[in-house]
Every structure is written in structure tokens, then in C-alpha cells.
Amino acid sequence: MNKNDSHIYVIFGASGDLTKRKLVPALYALFVQDLLPEKFALLGVSRSEFTDDAFRTSMESAISEFKEIDDNSHIQEFVKKIYYQSIQFNDASTYLLLKQRIDKLRKDEKIGGNTVFYLSTPPSLYGIIPQHLAYVGLNSQDDGWKRLIIEKPFGYDLESALILKDQLLKDWQEEQLFRIDHYLGKETVQNLLVTRFSNGIFEPLWNRNYIHHVEITSAESIGVEKRGGYYETSGALRDMVQNHLLQVAAITAMESPSSLEPVAIRNEILKVFQSFRPIKKVDVKTNTIRGQYLSSTIKDETIAGYRQEEGVNPKSITETYAAIKFYIDNWRWGGVPFYIRTGKRLPTRVTEVVIHFKPTPHFLFASGPVCSSCNQLVIRIQPDEGVLMKFGMKTPGAGFEVQTVNMDFHYSDLTHQRIPSAYERLIYDSMKGDSTLFARTEEVIEAWKFLSPVINCWKDEKDVPLYGYPAGTWGPETADDLIEDKEMTWRYPCKNLSDDGIYCEL
């Protein structure tokens with residue numbers, strides 16, 4: 001970003017939790033690293049009544065509590081750049097007050113017309129706020145660029161996503177829209193691209209000829225906490241698979257882009273989405289698993305089941321676990337199954353991609369299941385970020401007994417390197433106008449099209465089972481049946497990248 005590319009950063013929903021915990025601390029980290037423009041202002045917008053000074057005090061406390069960089073020396077200097085404006089989001093007339101405040105800031109701080117609008121609000125406002133901004137001309141790029149950042153979810157289903165798409169594109173251009181997915185801001189997700197396309201040893205193997213299947217896991221050890229009311233309208237499929245994990249799958253499977261330009265990379269990601277084999281209604285029962293965590297005892301502590309959580313319907317059929325098997329019908333991946341699983345109240349918090357390579361054509365050293373010696377490449381997204389390669393080695397001693405060993409790299413080994421948070425990276429990219437790590441409209445629509453048969457079947461078909469699983473386990477046992485090869489199963493990861501085990505510490 002050009003240091004002279006001055007702009008105003010406007011956050012709607014500025015009194016909310018995301019602003020305090022993630023957005024403002026990320027902006028402060030950029031400020032400390034001298035990555036913000038010389039002329040910059042942060043304008044918080046919400047329904048709550050705050051003076052500038054009161055809002056600055058609140059943000060100062062948030063930075064101190066949730067700071068992402070170990071440096072308090074610039075807080076006072078940074079908060080001087082923070083301002084606040086109260087409006088009613090549904091009242092178009094109050095947007096004139098917002099425009100007047102922005103115009104005054106531009107004049108007082110000698111900032112040009114460049115503006116970022118970040119919607120840290122309930123999804124119900126995603127179609128309303130941009131419309132009102134356009135009504136008062138705040139979408140016009142005559143005096144500088146205007147960018148709109150939208151948090152997930154982008155719609156509740158295909159129908160609502162198409163409606164939202166039309167609402168946004170009525171007043172805003174596609175290049176102005178930045179749909180943020182914090183998963184894509186993680187260093188290890190981006191490292192998928194580097195691992196694949198900067199290493200000649202992987203590209204010849206990255207296809208149907210050598211890969212048996214691809215597994216993507218995103219597990220959480222916590223339950224729904226105090227978000228039961230929200231989760232009842234979402235569920236694991238919408239909350240995690242539709243956005244985060246399908247994006248990770250697309251980055252894993254994409255072809256090499258012609259360049260590192262955002263358009264080139266996003267074009268290849270879109271091609272993957274367009275190549276997803278449609279899931280037929282008749283295949284939903286065999287290709288998907290839904291589950292819901294049950295009460296259990298972990299370390300002498302009784303853990304409530306999902307239906308006992310605050311805000312949850314006692315007869316809820318909302319899934320807290322989802323697993324899905326699907327295929328990508330193109331030349332590279334034809335016939336290779338992809339498996340995604342995600343869930344709450346699993347044994348540990350972990351997100352990773354596992355490439356399972358095919359066994360050798362003739363296994364000379366078979367003393368057990370052939371799959372036990374299949375090579376795996378594990379790309380750990382969180383925690384203990386890194387890369388792990390599993391391969392067979394001879395056990396010392398007589399004979400040819402083979403054991404699996406690890407060759408690993410941990411990001412924590414780069415002690416001299418600071419790893420920026422996902423929001424820090426994505427906010428910085430939005431300021432630069434780099435849309436590489438933001439979802440395009442077509443990607444979102446294709447994802448909804450792909451999952452719609454599953455969503456509809458789970459909602460309407462009474463004979464689709466909802467499996468219970470005790471909190472603290474790896475989900476319904478029947479999920480193992482998704483894996484086509486009966487000698488293979490899911491990898492059971494632990495907090496530490498190099499550890500494997502069915503039981504991991506919470």
C-alpha cells in the first residue's frame with residue numbers, strides 16, 4: 001500500500017464484540033508496524049450513543065486487553081485517530097449525518113475520498129446498509145475508491161444469497177466488494193499455495209494418479225457456548241463447510257494460476273467450485289453424516305449436550321457435526337474422493353488438510369494393513385501450525401519391519417518471524433485493494449448450489465438420521481464408513497502436529 005494512499009476506515013457495528021476483540025487490535029498492530037497511511041482516520045458507527053472520547057476510551061481498553069502485538073507505546077497516538085458516529089442502520093435519513101461526518105473528517109484531517117466500509121453487523125443488515133450508503137452517494141468513486149467488506153454468512157441458503165447478490169450489485173461493483181473469510185487470512189492456508197507451486201517434488205504427484213484421497217478437518221473442543229440462539233439458525237454445515245472449508249478445499253485442488261494477480265488466483269479457485277460433482281438427493285444419506293453432541297463426563301466434569309445449551313430447542317435437529325464426501329470432476333482430480341468433517345465438542349481444537357497418497361503397487365513389507373504405511377502430507381492450519389510428512393522407515397534390528405516416522409516443520413521454529421493474525425492480514429489487503437483472499441460472488445453462489453441438496457434433504461427428509469455422539473469424542477462412529485477403503489480411516493490429530501491418537505487432551 002502506498003503510504004500516501006490516505007483513507008477513512010468506517011466500521012459499522014463498532015460497539016460489538018468483533019470490533020473490540022479483532023478489528024481495532026488488528027488496526028493497531030498495523031499502525032505500530034507503520035503500515036497505515038500517514039493520513040488515516042477510523043470512524044466507528046453504531047446505534048449506541050458515544051462521544052468520540054468515550055469511544056476512544058473503550059477502544060483503548062480493547063487494545064490493551066486483546067492486542068496482537070506486544071507494544072503499548074503507540075496506543076495514545078493511535079486512539080487520536082479514532083472517531084465515532086451514532087446512526088440508526090434502518091433509517092436512511094441518518095446516513096446523511098454519516099456523510100456529513102465523513103466529509104468533515106476528510107476536510108479536518110486532509111484525507112481524500114478513499115473509504116473502506118466494514119460491516120461488522122448482523123447479516124440481516126448486509127443488504128440494507130450498502131443501499132443506504134449508495135443513497136447518499138458514499139459508493140461513488142469519483143473522488144477516490146470505495147470498498148465494502150462483508151462478514152460471513154453471505155446468505156442463509158442459495159435463494160437468500162442470490163437476493164443479497166442482486167441487492168449489492170445494484171449499487172456496488174464487484175471489484176468494490178470484499179467478502180471476508182478469516183480462514184483464508186491464516187498463514188498456513190496461504191502456505192498451501194506456496195507448498196504446491198514452489199516445490200517441484202509435489203506437482204507431479206498432486207493428482208489422481210498418486211493421491212488416494214484428501215481429508216480436511218476442522219474440530220473444536222468447545223460447544224456453542226452462549227451462541228445457542230445463533231447456532232440454531234446456522235448449524236455446522238452453514239457455519240463452517242459452506243464458506244471456510246470449501247474454500248480450503250478449492251485452494252488445495254486448484255490449478256496453478258498464470259500469475260499471483262488476484263484475478264488469476266480467484267479464477268482458478270472458481271473453476272474448482274464449478275467442477276464440484278453435484279450431490280444428488282439419493283446420495284445424501286450415503287455421502288453425508290450429521291451429528292449432534294450429547295452430554296458426557298470429561299475429567300470428572302459433566303458436559304451438557306447440545307439440546308441442554310442455552311437458547312437451544314430441546315427437540316433441536318440442528319447438526320453440531322457434519323461430514324461430507326464429494327468429488328471434483330476435472331482432469332486432475334477425477335475419481336479422487338474429498339472428505340470434509342467439522343464439529344463441536346470434539347477431543348481437541350484443530351484444523352488441517354491431509355493428503356493421503358496411494359500405497360505402492362506391490363507392498364513388500366506387509367506385516368499389517370497396507371494403509372498403515374501410506375504416505376501422508378499434513379498441512380496444519382491451527383494450532384501448532386506447520387507441515388508434516390509421514391513415511392515408512394526400517395525399524396532398527398533384524399528383518400524388514402517398517403514403522404511410520406515423521407518429518408515436520410513448525411512455524412514456531414521461525415522465532416524471529418512474527419505471524420500476523422488473519423484479520424490483520426485481511427484488513428491490510430483490503431486497504432491495498434488486494435482481493436486474492438476474499439471470496440468472489442460466483443464462488444459463494446457455487447458453494448450454495450453445491451450444498452443446497454444436502455441442506456434441503458436434511459431439513460425435509462425425516463428418514464435422514466441425526467446421530468448423537470458423546471461430547472469429547474470424534475463424532476458419530478458411522479462417519480468412519482464414509483472413507484471408501486475399509487483399511488483406512490480419518491486421521492486422529494492432537495494439539496501437537498506430530499502426534500496421532502484417538503484420544504487427545506482437551
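The numbers here are math on the coordinates, done by the rules we state, and not lab data. Fair warning: this is a prediction, and the values are worked out from it, not measured in the lab. Because the Cβ atoms are built from the backbone with ideal geometry, glycine has one as well, and the counts that use them run over all protein chains shown.
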Checking I419 against (1) buried (at least 16 other Cβ atoms within 10 Å of the Cβ); (2) among the aliphatic types (A, V, I, L, M); (3) assigned to a loop (DSSP other than H, G, I, E, B), which single condition isn't satisfied? (1)
Unique match (being touching a helix residue (DSSP H, G or I) at 6+ places or on another chain (Cβ under 8 Å), closer than 19 Å to L346 by Cβ and buried (at least 21 other Cβ atoms within 10 Å of the Cβ)) among I216, I180: I216
Members of the range 54-113 that are basic (K, R) and assigned to a loop (DSSP other than H, G, I, E, B): K67, K80, K81, K110
Assess whether P493 counts as being closer than 19 Å to A322 by Cβ, of a type outside the set (D, E, K, R) and surrounded by fewer than 17 Cβ atoms within 10 Å (Cβ to Cβ). no
Subset of the range 228-249 (residues that are within 30 Å of W333 (Cβ to Cβ) and of a type in the set (S, T, Y)): S234
Contacts under 9 angstrom Cβ, first residue in the range 268-282 being within 14 Å of W448 (Cα to Cα) and without any contact (Cβ under 8 Å) to a residue 40 or more places away in the chain, partner part of a strand (DSSP E or B) and among the basic types (K, R), 6 or more apart: none
Quick one: is A250 assigned to a helix (DSSP H, G or I), more than 30 Å from F202 (Cα to Cα), touching a Phe, Trp or Tyr at 6+ places or on another chain (Cβ under 7 Å) and of a type outside the set (D, E)? no
Selection from the range 427-450 of residues that are touching a Lys or Arg at 6+ places or on another chain (Cβ under 8 Å) and either without any contact (Cβ under 8 Å) to a residue 40 or more places away in the chain or not in a loop (DSSP other than H, G, I, E, B) (or both): S430, A439, T441, E443, V444, I445
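Among the residues in the range 98-114, are any among the polar types (S, T, N, Q), buried (at least 16 other Cβ atoms within 10 Å of the Cβ) and in contact with a His (Cβ under 6 Å, 6 or more places away or on another chain)?
yes
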Within the range 158-175, can one find any residue that is assigned to a loop (DSSP other than H, G, I, E, B) and surrounded by 15 or more Cβ atoms within 10 Å (Cβ to Cβ)? yes
Quick one: is K186 within 24 Å of the chain's Cα centre (by Cα), more than 30 Å from R380 (Cα to Cα), buried (at least 18 other Cβ atoms within 10 Å of the Cβ) and charged (D, E, K, R)? no
Go through (1) under 17 Å from the mean Cα position of the chain (by Cα); (2) closer than 26 Å to G392 by Cα one by one and return the number of the condition S435 breaks. (2)
What is the number of the single condition among (1) assigned to a helix (DSSP H, G or I); (2) surrounded by 15 or more Cβ atoms within 10 Å (Cβ to Cβ) that V224 does not meet? (1)
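Tell me which residues, restricted to the range 398-449, are among the hydrophobic types (A, V, I, L, M, F, W, C) and in contact with a His (Cβ under 9 Å, 6 or more places away or on another chain).
Matches in the range 398-449: A422, L426, M431.
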Out of all the residues in the range 31-47, which are assigned to a loop (DSSP other than H, G, I, E, B) and hydrophobic (A, V, I, L, M, F, W, C)? L35, L36
